[in-house]
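As structure tokens, the structure follows; a few thoughts come after it.
The values are calculated or read from the model by the stated rules, or taken from the named source; none is laboratory data. Source: prediction; values computed, not measured. FYI the Cβ positions are ideal-geometry reconstructions off the backbone, even for glycines, and counts take in every protein chain you see. Accessible surface areas use protein heavy atoms only, side chains included; no ligands, DNA or RNA. Shrake-Rupley method; radii C 1.70, N 1.55, O 1.52, S 1.80 Å.
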Amino acid sequence: IPIQAVGSYYFGGPVHIKEHRVQTSCQPIRFRPANLDAEWGVGVAPRRRWYGSINQGQLKLNGVAAPPPGLIKRTFSGAMAHDPFTNRCQATVTMQDDSLQESTGEASFIVHPDFHYLAVQAPGDAVAGQPGALSLRAVNWRGQRKAAKGVRVEVQRRWHQPIYATKGQRRYVQRWETRKAIVTTCTLDLNDSGADGDCKLGALKEGWHQI
């Protein structure tokens, strides 16, 4: 991704750059295209706060070819973006002229992990014993539907299982153990229009479900 900063004086004319600094940083974010309802989950959501930055250095131009007056060009490689998440990145460019006065400019941009996202709509008010299902569609970053073949879905359930013990004639809960099991798997071909993909979950059981 090209990054370009242009510096000029208030009275006109480009800044004569004596030194400059370029810093970029990226942080994973939750992302949902604007054209998609809030009930849809999109892509992989980060579960903890990330910090990442790369300081491309203060460049002193002694013995080094100076950049053109008032112009800094750099290339952001995306190395600071954290896969497989959507990242919000920021570029900060600082210029210093011969009088040691500094000026700074910043710009933010989004780095997408791929051209397309997988969107999933889970049951909103799931109740144990009731049937459940997932709706799926493939979309681009604008929310426009795309076709996708061979999409594999796996749903895992986690729950707390009581472990009982007996003392005399009394039976009591000795401890709780976390258990997990695969609820269902589906392989779907998603269309770019018409009905969404559908993955049946059967009768739901109490616990946390991870898609």
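Could you run through segment 6-39 and say how many residues are open to solvent by 20 Å² or more (accessible area, probe 1.4 Å) and not charged (D, E, K, R)?
The initial filter retains those residues of segment 6-39 that are open to solvent by 20 Å² or more (accessible area, probe 1.4 Å), namely 6, 8-14, 16, 18-19, 21, 23, 25, 27, 29-32, 34-35, 37-39.
Subset that is not charged (D, E, K, R): 6, 8-14, 16, 23, 25, 27, 29, 31, 34-35, 38.
Counting residues in segment 6-39 that are open to solvent by 20 Å² or more (accessible area, probe 1.4 Å) and not charged (D, E, K, R) gives 17.
Tally up the residues in segment 137-170 that are part of a loop (DSSP other than H, G, I, E, B) and closer than 30 Å to ASP37 by Cα, please. Let's see the steps before the verdict.
Taking segment 137-170 and keeping what is part of a loop (DSSP other than H, G, I, E, B), we get 141-144, 147, 168-169.
The next check asks that each one be closer than 30 Å to ASP37 by Cα; those that pass are 141-144, 147.
Going through segment 137-170 one residue at a time, the tally reaches 5.
Looking at segment 1-43, which of its residues are among the polar types (S, T, N, Q) and not in a loop (DSSP other than H, G, I, E, B)? Give the steps one after another, and end with the answer.
As a first pass, look at segment 1-43 and keep what is among the polar types (S, T, N, Q): 4, 8, 23-25, 27, 35.
Residues satisfying the conditions are GLN4, SER8, GLN23, THR24, SER25, GLN27.
Residue under question is GLY63, and the condition is that it be modelled with pLDDT of 80 or more, on the phi > 0 side of the Ramachandran plot and not hydroxyl-bearing (Ser, Thr, Tyr); does it hold?
Working: modelled with pLDDT of 80 or more: no; on the phi > 0 side of the Ramachandran plot: yes; not hydroxyl-bearing (Ser, Thr, Tyr): yes.
When the stated conditions are applied, GLY63 does not pass them.
Taking the conditions exactly as written (modelled with pLDDT under 85, open to solvent by less than 30 Å² (accessible area, probe 1.4 Å) and outside any strand (DSSP E or B)), does PRO46 satisfy them or not? Break it down stepwise before answering.
Details: modelled with pLDDT under 85: yes; open to solvent by less than 30 Å² (accessible area, probe 1.4 Å): yes; outside any strand (DSSP E or B): yes.
Yes.
Results for (1) closer than 21 Å to ASP114 by Cβ; (2) under 27 Å from the mean Cα position of the chain (by Cα), shown as yes or no for each residue.
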residue: SER135; (1), (2): yes, yes
residue: ALA148; (1), (2): yes, yes
residue: VAL151; (1), (2): yes, yes
residue: VAL155; (1), (2): no, yes
residue: TYR172; (1), (2): no, no
residue: THR184; (1), (2): no, yes
residue: THR187; (1), (2): yes, yes
residue: LEU204; (1), (2): no, no
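Condition check: part of a loop (DSSP other than H, G, I, E, B), touching a strand residue (DSSP E or B) at 6+ places or on another chain (Cβ under 9 Å) and at pLDDT 80 or above. Does ASP98 satisfy that?
Numbers: part of a loop (DSSP other than H, G, I, E, B): yes; touching a strand residue (DSSP E or B) at 6+ places or on another chain (Cβ under 9 Å): no; at pLDDT 80 or above: yes.
No; evaluated as a whole, the condition is false for this residue.
For segment 171-211, enumerate the residues that are open to solvent by less than 90 Å² (accessible area, probe 1.4 Å), assigned to a strand (DSSP E or B) and charged (D, E, K, R).
Hits for segment 171-211 are GLU177, ARG179, ASP198.
Given VAL111, VAL127, VAL120, VAL151, which one is closer than 30 Å to GLU206 by Cβ, touching a residue at least 60 places away in the same chain (Cβ under 8 Å) and either in contact with a Pro (Cβ under 9 Å, 6 or more places away or on another chain) or surrounded by 16 or more Cβ atoms within 10 Å (Cβ to Cβ) (or both)? So that I can check it myself, show each step before the final result.
Values: VAL111 fails: closer than 30 Å to GLU206 by Cβ; VAL127 fails: either in contact with a Pro (Cβ under 9 Å, 6 or more places away or on another chain) or surrounded by 16 or more Cβ atoms within 10 Å (Cβ to Cβ) (or both); VAL151 fails: touching a residue at least 60 places away in the same chain (Cβ under 8 Å).
Testing whether each residue is closer than 30 Å to GLU206 by Cβ, touching a residue at least 60 places away in the same chain (Cβ under 8 Å) and either in contact with a Pro (Cβ under 9 Å, 6 or more places away or on another chain) or surrounded by 16 or more Cβ atoms within 10 Å (Cβ to Cβ) (or both) leaves just VAL120.
Of the residues ALA181, ALA165, ALA126, only one is modelled with pLDDT under 90 and not aromatic (Phe, Trp, Tyr); which? Full working, then the answer.
Details: ALA181 fails: modelled with pLDDT under 90; ALA165 fails: modelled with pLDDT under 90.
Step by step, each of ALA181, ALA165, ALA126 is checked, and only ALA126 is modelled with pLDDT under 90 and not aromatic (Phe, Trp, Tyr).
Which residue, of PRO14, PRO28, is modelled with pLDDT of 70 or more and more than 20 Å from HIS112 (Cβ to Cβ)? Steps first, answer last, please.
On the way: PRO28 fails: more than 20 Å from HIS112 (Cβ to Cβ).
Only one candidate passes the filter, namely PRO14.
Which one of the conditions (1) surrounded by fewer than 14 Cβ atoms within 10 Å (Cβ to Cβ); (2) more than 19 Å from PHE31 (Cα to Cα); (3) touching a residue at least 60 places away in the same chain (Cβ under 8 Å) does GLY168 fail to meet, given that it meets all the rest?
Unmet condition: (3).
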